[in-house]
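In what follows, a structure is listed as structure tokens, so that the remarks can point back to it.
Please treat every number below as a calculation from the coordinates, not as lab data. The shown structure was predicted, so the numbers you read here are calculated from the model rather than taken from an experiment. Cβ: placed from backbone, ideal geometry, glycine included. Neighbour counts: every protein chain shown.
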Amino acid sequence: MNANTTRVIAVANEKGGVGKTVTVINLGAALVREGKQVLIIDMDPQANATKGVGFEVEDGQLSIYDLIKEPDAHQVDDLVASTQWEGLYLIPSHVDLAGAEIELVDVEGRENRLRKVCKNLSKNFDYILLDTPPSLSLLTVNVMVYAREVLVPCQTQPYAYAALEELFDTIEAINEEINPNLRVTGIVATFFDKRTRISQNIFEKLKDNEKYGPLLFDTVIRTNTTIAESAEVGKPVLFYRSGSYGAKDYLKLARELIDKGAP
Ligand SMILES: Nc1ncnc2c1ncn2[C@@H]1O[C@H](COP(=O)(O)OP(=O)(O)O)[C@@H](O)[C@H]1O
Ligand SMILES: [Mg+2]
């Protein structure tokens, strides 16, 4: 049973390449550094969050795909893997998950599957972070039906606004139709580079925006190649180069998220 105190947070943005996966991995690690018990659930068939914490599901091994496809055939607890970092756990993804959308097309309650299986998690996590694919697929809907909070990485680049509009429309629709409890915890500016005017401009625009401004985290995630490097070698940046900007920014974000509390 999940205690009420577990914060279940979807990291979402319908645009790709904005830093969703990297945020899941590194915010997860930073929360662990702050003494929290953290479960990452990788709901993206690309499985980059899985790889980012040093995992790979071999053919024949179970992944989130099996839980979604045949929820009654498996125990969710059996899918929770420990990582090499104490306090950080993972339910891994696999490319097969890409087929779930089609395979479940005629199944009643298909958007409810993740929530149902996660009800049976027996460990009491402080945070559950969910990585999502860059599209409004059945997988993203499953995540938004289960989650209580959405954290939105927003790239400080042109067109960032268009993606935010789409995401907020989606959240509104989910609120109306299936999960009235879903709230946006915050928007975090990513790929921030103070030397470029565009980064500054987008950040200022977000801050001044009536809807987005109050949701904007003070913490920004700077562009930092160590982040990309650490993801490549399958380690959160905090456990790879603890002195890097990336490590510092995600630690700051974790503290701000803790202080902010659930919306
Ligand atoms: N702050 C950052 N600085 C440098 N590279 C980053 C940063 N955040 C993400 N990346 C890199 O950019 C790419 C896209 O990030 P990712 O988290 O995979 O985006 P998404 O999950 O939204 O598609 C990845 O190669 C990742 O390593
Ligand atoms: Mg991703």
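Quick one: which residues, 5+ away or cross-chain, put their amide H under 5 Å from the amide H of GLN155? H built at 1.01 Å from N.
Those lying under 5 Å, H to H, from GLN155 are THR190.
Under DSSP H, which helices of the chain have Cα atoms covering 20 Å or more of the helix axis and a Kyte-Doolittle average no less than 1.6?
none
Using amide H atoms built in the peptide plane, which far-off residues or other-chain residues are under 5 Å from ARG183 H to H?
Answer set, sorted by chain and number: GLU149, VAL150.
In terms of modelled amide H atoms, which long-range or inter-chain residues lie less than 5 Å from the amide H of ALA81?
The list, which skips near neighbours in sequence, is LEU90, ILE91.
Given the -39500 (n - 2.57) contribution per DSSP H run of 4+ residues, what per-residue ellipticity at 222 nm results for the chain, rounded to the nearest 500 deg cm²/dmol?
-11000 deg cm²/dmol
Peptides 200-208, 225-233: what's the order by average Cβ count within 10 Å, highest mean first?
Ranked from most to least packed, the peptides come out as 225-233, 200-208.
Please report how far the C-alpha centroid of the stretch 209-263 lies from that of the stretch 51-128, rounded to the nearest whole angstrom.
Comparing the Cα centres of the stretch 209-263 and the stretch 51-128, I get a distance of 25 Å.
What is the spin-label model distance, in nm, from ALA73 to ARG110 if the labels are put 7 Å beyond Cα along the C-beta direction?
1.7
May I have the extent of the alpha carbons of the stretch 107-165 along their three principal axes, as whole Å values ordered from largest to smallest?
On the principal axes, the stretch 107-165 reaches 42, 32, 14 Å in Cα extent.
I'd like the antiparallel share, as a percent to the nearest 5, of DSSP beta bridges with both residues in the chain.
5
Can you tell me which lysines have their Cα less than 17 Å from the Cα of LYS205? Leave out same-chain residues fewer than eight positions away.
Partners found: LYS194.
Output needed: percent of Cα pairs per 5 Å distance bin for the chain, bins running from 0 to the one holding the longest distance.
Once binned at 5 Å, the Cα pair distances of the chain give 1, 6, 14, 19, 21, 18, 12, 7, 2, 1, 0.
Using a cut-off of 28 Å between alpha-carbon atoms, which lysines can reach LYS69, once sequence neighbours fewer than 8 places away in the same chain are excluded?
LYS15, LYS20, LYS51, LYS116, LYS119, LYS123
Could you check the spin-label model distance between GLU256 and GLU229? Points 7 Å from the Cα along Cα→Cβ, value in nm.
My value for the distance between the label points is 2.5 nm.
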